[in-house]
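Notes follow once the structure below has been shown.
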Amino acid sequence: MTVDPNAATQDFPSPDHRRPSAARYLVPALVAAAVAVALGAYGKVHDPEGTAFNLAGFSSTSAVKSWLGTAAFAFALVQIVSAFMVYGKLRGPSWAPALHRWSGRIAFLLAVPVAVHCLYALGYQTYSTRVMWHSFFGCFFFGAFSAKMLLLRAERLPGWLLPVVGGLAFAVLTLVWLTSALWFFRTVGVTT
């Protein structure tokens, strides 16, 4: 009699029925925490340079950051709407998944120079409540974003996990925008 060594037995469940390891969730959470803490620590110990970049056509680096942050926030809004389309909560075109991916990429690319300027030129500041929360939420956003990117490639996740982490990243980016760009536009005016 021939025995198939690959045949499933009653004693051992097939690999498809195994519970996912806790590391599947713990690693992205630890990476997120490490990214957020590392950014905050760098911003706190780094001596602020005062400026990191300026773009022609803008009156100040604060204006540049406010407009780049607003554009990133606008693309994040597209991310939310397209996520509802991808998950079937809103009717959308067949290219909604591509819209979701590209709007996220563009939002991230717009947010990076703002974060670099904030960390390099200003550091992690706590001289006012608004600035303290802005610094905290900025670091937290990049941690949450890192977790989302790691979870995208994980297999057999609960269906609710990725939308929750993505929603968290969006909520924190909203708080970053409210405590920076919106504050700038309301205080200084809508200027370039």
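Throughout, read-outs are computed from the coordinates displayed, never taken from laboratory work. In this text the structure is predicted, and so the values were computed from the model without any measurement. All Cβ positions, even for glycine, are placed from backbone atoms using ideal geometry, and neighbour counts span all protein chains on display.
Some observations on this one:
- Sequence-distant lysines (8 or more away, or on other chains) whose Cα lies within less than 30 Å of Lys89: Lys148
- Note on the range 128-173: Rg/Rh from C-alpha atoms, Kirkwood Rh, equals 1.11.
- Relative packing of 31-40, 83-92, 155-164, which averages over residues the other C-beta atoms within 10 Å, highest first: 31-40, 83-92, 155-164
- FRET efficiency, 1/(1 + (r/R0)^6) with R0 41 Å, evaluated for Ala23 and Val190 via beta carbons: 0.30
- Computing FRET efficiency as 1/(1 + (r/R0)^6) for Lys44 and Lys89, where r is the C-beta to C-beta distance and R0 is 35 Å, gives about 0.30.
- Full extension of the segment from Ala171 to Ser62, taken as 0.36 nm per residue of separation minus the current Cα-Cα distance, would add 37.0 nm.
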